[in-house]
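Participant: Handing you this structure, nothing more for now.
The values are calculated or read from the model by the stated rules, or taken from the named source; none is laboratory data. The structure displayed is predicted, hence computed values, not measured ones. A quick note on method: Cβ atoms are made from the backbone with ideal geometry, for glycine too, and the neighbour counts reach across all protein chains shown.
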Amino acid sequence: MRGTALNIAAVEPGTVGPCPVAPDALVGIARQQTNPSRWNGASWPEFARALSASGIEVRETTAARGAFATDAGGTAYGLAHGVVIARSAGEIARLLQSAQRYRVPVTVRGGGLTTEGESVAFGGVLLDMTGMSRVLSIDAKALTVRTEAGIFWHSLAEELRRQDLDYLSAPLNLTSSVGGTLGVGGIDVNSARLGCSADQALALQVVTPTGDIVECSDTQHAELFQRVILGYGQFGVITEATLRIRRYTPLRMHYFYYASLRTAIEDLQFLDRNDASDYSGILTIMDRAVNLLVAFDSIEREAQFMATWRPRLRGHGEFGFGARMLGHYALRPWQLGEALYLLRRKRELFPQLRRSEYMQGATMLDRSVVFSRAVWKFWSSRQMVIPDLATAAEKFAEAVERGNAVCHQYFPHYTLYLVGIKLRAEHSAHYEMSCIPPGAEGRAYGCEFEPIMDAGVYSRDYLQSFKNAIYDIGADMGASYYRFGGMMKGYIRRVFGDALVDRHLAWKRRADPAMILNRHVIF
Amino acid sequence: MNTLLRRARTPAKDYSDCSGCSLCLLVCPVWRSTRDLGMTARGRAKALQHGALAADIAPSIQSCSLCAACATVCPEDIDLVAMTLDLRRALAQSAAVPDLPTMTTARIAAAPTPSARVALLAGRALRERAGSLARVAALLGGAEAVATHLDNGADIALALESGLRIPAQRLEGFLAPLRPLQKIVVSDGLLLRHLHRWLPRSRIKSLGEALSSNTSVRRALRASDMYVIDARAYHADYERLVKYYDGLRRECGCSFNLDLQRIAIPAAAPGLGQTPEADDDGAQARWILQGRQVARIVVESLDERAVFERVSGLPVVHLADLADIGT
């Protein structure tokens with residue numbers, strides 16, 4: 001057998017060889033994807049009986065469990081021993097108390113939009129939080145809302161809009177849940193101004209891993225608040241949240257097109273630095289059609305942008321960019337396939353971004369509806385991998401260009417989604433060991449690298465290898481990741497360092513003695 | 001042309017194509033009532049993907065209101081209504097469903113008169129109200145032109161909903177008198193969906209669209225009205241009707257029972273009455289009205305009139321009652 005095929009050094013007989021999972025063993029090795037091992041279910045019957053006795057319904061049929069067998073990523077599969085639909089904080093508290101006693105793992109699931117198996121139960125209980133998805137109260141004067149945390153952001157928007165209100169920022173995905181988002185961060189196209197979605201949380205009701213129901217905020221049980229926000233579900237189950245909201249405004253959206261990633265990134269950062277727009281981000285078709293989108297809440301802001309900042313952007317309008325592309329491909333007939341792909345993508349996608357029922361004159365009524373429907377229709381497939389890199393502003397262009405080269409290497413078609421994230425100094429404790437890169441100040445930037453699978457079929461190992469190649473860039477550049485849990489948790493120590501990880505691990509062990517809550521996500 | 005060719009080449013998608021995006025949950029009235037993923041199209045598809053049989057998910061299959069909102073938003077374009085009806089058929093075949101309606105193989109019904117150009121397939125509620133039926137006929141072209149007492153296919157609609165097999169002879173007996181007519185106006189949204197398939201060359205409209213196209217009805221609509229679209233009929237022809245109702249909104253300024261995705265929220269649907277989770281307390285109607293400043297409610301479907309009268313305290317009128325027809 002030729003050992004070099006696996007890129008593992010030969011080992012002298014009788015000696016201890018290099019550890020294949022040691023921190024320095026990852027770079028350059030085509031790794032195989034590994035699911036966590038399934039919990040053996042030793043104490044399940046007693047646990048299930050205890051739950052039933054305390055009035056909690058546990059569903060153990062294949063149909064009930066199969067509905068949660070995978071997440072949006074579709075590459076991690078696992079079956080819970082039973083499913084519990086969350087109905088109240090009290091029930092969840094009793095569930096967690098029993099889980100501690102019987103040492104049964106509990107996996108919490110909101111919208112299930114994870115891609116690394118974080119919301120998949122590999123045995124134990126799957127706790128479906130969408131059962132708790134009602135808006136509890138709206139304070140239109142104070143501009144706050146109190147809601148159960150299993151609610152989808154879109155369902156929250158439906159309720160708020162009846163009072164001409166809106167949330168501040170949420171992932172551009174209709175089926176992200178509030179609780180899940182607060183646990184990991186959440187990025188919107190206004191994050192460069194408002195911060196990540198988790199920054200809008202004012203207070204939370206949390207059920208701790210040992211079953212205490214605690215109200216927490218910056219002033220009340222602040223340490224728990226800091227750990228739970230962006231805490232990847234390690235320190236409690238968020239059952240209710242008080243969020244800042246705002247008056248609803250439709251958007252005035254503009255698109256500028258670039259043929260160069262770096263130029264577009266420079267312009268994006270230029271706009272963000274100058275607070276030139278209310279919304280900003282980049283969405284691409286490979287690195288050929290790079291779309292810088294900017295949007296405004298008011299005519300005044302739009303007019304100011306057009307007068308002051310628009311002339312300084314290097315992007316083109318749709319027509320001008322189309323003409324340039326025509327010239328580009330006319331000189332490169334061997335790239336006809338790519339040109340046709342771009343044309344087809346444009347023909348299918350662009351009308352969806354301008355559907356008349358979602359527009360009122362020149363304004364877009366709801367960005368999440370427009371973009372999320374398009375995302376699910378044109379980007380999703382049964383398998384999705386979306387490795388990402390989050391860096392300080394000055395390292396961002398390099399990180400994106402290196403990630404883009406990896407995408408080129410692995411897939412014929414892919415998309416990149418780039419946004420800025422305003423950082424709040426007062427939230428630095430929340431950001432610790434999260435998607436926010438450790439060295440960033442003022443504003444960080446994130447980029448998602450998403451292959452478009454089309455009809456292609458890829459093995460899970462291939463997809464994992466692609467993710468590793470992207471994450472290796474982050475490890476090399478001192479970046480962080482949005483999706484560092486689940487199947488990607490091998491990178492956690494490399495990115496954050498032993499001291500920080502061990503500190504969080506010690507907190508986790510104190511908070512969750514049996515280590516039952518979301519145990520395969522981080523630790 | 002390309003689209004047609006692509007459709008012809010692409011096999012119909014089914015539950016195995018569900019990627020689990022959950023968009024169908026957001027618009028599902030049963031989800032809103034139960035907050036139970038297992039009771040939704042996504043829950044059914046995922047259960048089937050993992051080996052469940054129809055009988056294993058019978059309560060979910062039976063609870064579906066067939067409003068078709070889920071099929072409208074599905075990014076995979078899975079025909080979720082057909083999926084649910086197939087499952088009901090499987091249940092019916094396994095005799096897991098008691099009290100199925102019985103189908104006749106033939107039915108004697110009034111044939112359209114030679115002067116009739118329009119078939120009005122009215123539902124039971126409209127047929128039971130002779131005055132309303134006459135007004136609708138008058139608005140659609142007059143008693144001479146509108147055949148109101150044709151075989152309305154009520155048993156076929158019920159069979160579709162229940163998963164019963166429809167004998168070919170019965171179906172042909174229902175369709176044959178409709179073929180020569182210029183236009184078919186249908187109350188039942190589920191029947192409308194299937195008529196589009198069975199009679200692809202016929203001009204088929206929902207009762208709501210047919211009535212709201214009438215100038216005198218449109219003139220009577222006010223900006224302070226809540227116009228309640230019949231969800232089943234709307235979703236049966238969504239891509240066209242979403243634009244139609246958008247135009248009506250711009251013209252009349254009234255509110256609609258549409259959510260942010262422009263999906264119709266049903267106040268009452270036949271299927272909602274089939275399970276313990278039934279929306280018998282008017283929660284859906286209250287949700288439609290929540291936060292809206294309206295002075296009057298206008299319904300397309302007479303089936304939704306009672307629930308709004310119960311929960312709103314506002315005048316509730318049927319679309320046909322709006323127009324001055326000079327009687």
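Participant: How many of the residues making up the range A:384-439 are under 24 Å from residue A:288 (Cβ atoms) and of a type in the set (S, T, N, Q)?
Facilitator: Residues meeting the conditions: 4.
Participant: Go over the candidates B:210, B:223, B:176 one by one and state the one that is at pLDDT 95 or above and surrounded by fewer than 20 Cβ atoms within 10 Å (Cβ to Cβ).
Facilitator: Numbers: B:210 fails: surrounded by fewer than 20 Cβ atoms within 10 Å (Cβ to Cβ); B:176 fails: at pLDDT 95 or above.
Going through B:210, B:223, B:176 in turn, the sole match is B:223.
Participant: Run down A:382, A:354 and say which single residue is more than 9 Å from every other protein chain (Cβ to nearest Cβ) and assigned to a loop (DSSP other than H, G, I, E, B). Please lay out each step first, then the result.
Facilitator: Numbers: A:382 fails: more than 9 Å from every other protein chain (Cβ to nearest Cβ).
Matching residue, one of A:382, A:354: A:354.
Residue-wise test of (1) in a strand (DSSP E or B); (2) of a type in the set (Lys, Arg); (3) more than 20 Å from residue A:102 (Cβ to Cβ); (4) more than 12 Å from chain B (Cβ to nearest Cβ).
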position	(1), (2), (3), (4)
A:42	no, no, no, yes
A:45	no, no, no, yes
A:51	no, no, no, yes
A:57	no, no, no, no
A:70	no, no, yes, no
A:80	no, no, no, no
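Participant: Under 8 Å between Cβ atoms, which residue pairs at least 6 apart in sequence (or on different chains) link something in the range A:124-147 that is at the interface with chain B (Cβ under 9 Å from one of its Cβ atoms) with a partner that is aromatic (Phe, Trp, Tyr)?
Facilitator: Short answer, once both residue conditions are applied: A:128/A:68; A:130/A:152; A:133/A:152.
Participant: Now, a different point. Hey, residue A:141 hits all of (1) more than 24 Å from residue B:30 (Cα to Cα); (2) in contact with a Gly (Cβ under 9 Å, 6 or more places away or on another chain); (3) assigned to a loop (DSSP other than H, G, I, E, B) but one; which does it fall short on?
Facilitator: Of everything listed in (1) more than 24 Å from residue B:30 (Cα to Cα); (2) in contact with a Gly (Cβ under 9 Å, 6 or more places away or on another chain); (3) assigned to a loop (DSSP other than H, G, I, E, B), residue A:141 misses just condition (2).
Participant: Picking from B:25, B:48, which residue would you name as being within 11 Å of another protein chain (Cβ to nearest Cβ), crowded, with 24+ Cβ neighbours inside 10 Å and closer than 18 Å to residue A:69 by Cβ? Write out each step before concluding.
Facilitator: Numbers: B:48 fails: crowded, with 24+ Cβ neighbours inside 10 Å.
Unique residue meeting the criteria: B:25.
Participant: Return a yes/no flag: does the range A:168-191 have any residue that is in a helix (DSSP H, G or I) and charged (D, E, K, R).
Facilitator: Within the range A:168-191, the first condition is being in a helix (DSSP H, G or I), and the residues that meet it are A:178-184, A:191.
Of the ones still in play, those that are also charged (D, E, K, R) are none.
No.
Participant: Within the range A:347-355, is there a residue that is modelled with pLDDT of 90 or more and either crowded, with 18+ Cβ neighbours inside 10 Å or closer than 25 Å to residue A:403 by Cα (or both)?
Facilitator: no
Participant: A further question on this structure: May I ask you to say which residue of A:202, A:168, A:194 is surrounded by 19 or more Cβ atoms within 10 Å (Cβ to Cβ) and either more than 21 Å from residue A:505 (Cβ to Cβ) or not aromatic (Phe, Trp, Tyr) (or both)?
Facilitator: Working: A:202 fails: surrounded by 19 or more Cβ atoms within 10 Å (Cβ to Cβ); A:168 fails: surrounded by 19 or more Cβ atoms within 10 Å (Cβ to Cβ).
After ruling out the rest, the residue left standing is A:194.
Conditions (1) under 30 Å from residue A:472 (Cβ atoms); (2) free of Cβ contacts under 8 Å to residues at least 12 places away in the same chain; (3) part of a strand (DSSP E or B), marked per residue:
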position	(1), (2), (3)
A:314	no, no, no
A:328	no, no, no
A:338	yes, no, no
A:343	no, yes, no
A:396	yes, no, no
A:402	yes, no, no
A:418	yes, no, yes
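Participant: Can I ask one more? Name the single residue, out of those in the range B:282-319 being assigned to a loop (DSSP other than H, G, I, E, B) and farther than 18 Å from residue B:262 by Cα, that is nearest to the other protein chains (Cβ to nearest Cβ). Steps first, please.
Facilitator: Going residue by residue through the range B:282-319, those that are assigned to a loop (DSSP other than H, G, I, E, B) are B:282, B:290-295, B:300-301, B:313-315.
Retained after the next criterion (residues that are farther than 18 Å from residue B:262 by Cα): B:282, B:293-295, B:301, B:313-315.
Values: B:282: 17, B:293: 10, B:294: 12, B:295: 17, B:301: 22, B:313: 18, B:314: 17, B:315: 21 Å.
So, considering only residues that are assigned to a loop (DSSP other than H, G, I, E, B) and farther than 18 Å from residue B:262 by Cα, the one nearest to the other protein chains (Cβ to nearest Cβ) is B:293.
Participant: Looking at the range A:426-477, which of its residues are part of a helix (DSSP H, G or I) and charged (D, E, K, R)?
Facilitator: Filtering the range A:426-477 down to residues part of a helix (DSSP H, G or I) leaves A:426-431, A:460-477.
A:426, A:460, A:461, A:467, A:472, A:476, listed by residue number.
Participant: A further question on this structure: Quick check: anything in the range A:325-333 in contact with a strand residue (DSSP E or B) (Cβ under 8 Å, 6 or more places away or on another chain), more than 14 Å from chain B (Cβ to nearest Cβ) and at pLDDT 90 or above?
Facilitator: Here is the first cut: in the range A:325-333, the ones in contact with a strand residue (DSSP E or B) (Cβ under 8 Å, 6 or more places away or on another chain) are A:325.
Remaining after also requiring more than 14 Å from chain B (Cβ to nearest Cβ): A:325.
Cutting the leftovers down to at pLDDT 90 or above gives us A:325.
Yes, some residue in the range A:325-333 is in contact with a strand residue (DSSP E or B) (Cβ under 8 Å, 6 or more places away or on another chain), more than 14 Å from chain B (Cβ to nearest Cβ) and at pLDDT 90 or above.
Participant: Which one is nearest to residue A:240 (Cα to Cα) among residues in the range A:98-112 that are part of a strand (DSSP E or B) and away from chain B (no Cβ under 14 Å)?
Facilitator: From the range A:98-112, those part of a strand (DSSP E or B) are A:106-109; that's our starting set.
Cutting the leftovers down to away from chain B (no Cβ under 14 Å) gives us A:106-108.
Details: A:106: 19, A:107: 18, A:108: 14 Å.
Ranking the qualifying residues of the range A:98-112, first place goes to A:108.
Participant: I've got another one for you. Would you tally the residues in the range A:229-249 being more than 16 Å from residue A:93 (Cα to Cα) and among the hydrophobic types (A, V, I, L, M, F, W, C)? Break it down stepwise before answering.
Facilitator: Within the range A:229-249, the subset more than 16 Å from residue A:93 (Cα to Cα) is A:229-232, A:241-249.
Now narrow it down to the ones that are among the hydrophobic types (A, V, I, L, M, F, W, C): A:229-230, A:241, A:243, A:245.
Residues in the range A:229-249 being more than 16 Å from residue A:93 (Cα to Cα) and among the hydrophobic types (A, V, I, L, M, F, W, C): 5 in total.
Participant: Which numbered condition trips up residue A:65, out of (1) within 12 Å of chain B (Cβ to nearest Cβ); (2) under 22 Å from residue A:207 (Cα atoms); (3) of a type in the set (Lys, Arg)?
Facilitator: For residue A:65, the failing item is (2).
Participant: Out of B:204, B:166, I need the residue that is outside the structural domain of residue B:24 (by TED's automatic domain parsing) and touching a strand residue (DSSP E or B) at 6+ places or on another chain (Cβ under 6 Å). Which one? Working first, answer last.
Facilitator: Numbers: B:166 fails: touching a strand residue (DSSP E or B) at 6+ places or on another chain (Cβ under 6 Å).
None of the other options fit; the residue is B:204.
Participant: Continuing with this model, one more query. List every residue pair whose Cβ atoms sit under 6 Å apart, with the two residues 6 or more apart in sequence or on different chains, where the first one lies in the range A:246-267 and is outside any strand (DSSP E or B) and the second, anywhere, is of a type in the set (Gly, Ala, Ser).
Facilitator: Matching pairs, first to second residue: A:262/A:397; A:265/A:397.
Participant: Of the numbered conditions (1) modelled with pLDDT under 90; (2) assigned by TED's automatic domain parsing to the domain that holds residue B:206; (3) touching a helix residue (DSSP H, G or I) at 6+ places or on another chain (Cβ under 7 Å), residue B:136 fails exactly one; give the number of that condition.
Facilitator: Residue B:136 satisfies every listed condition except (1).
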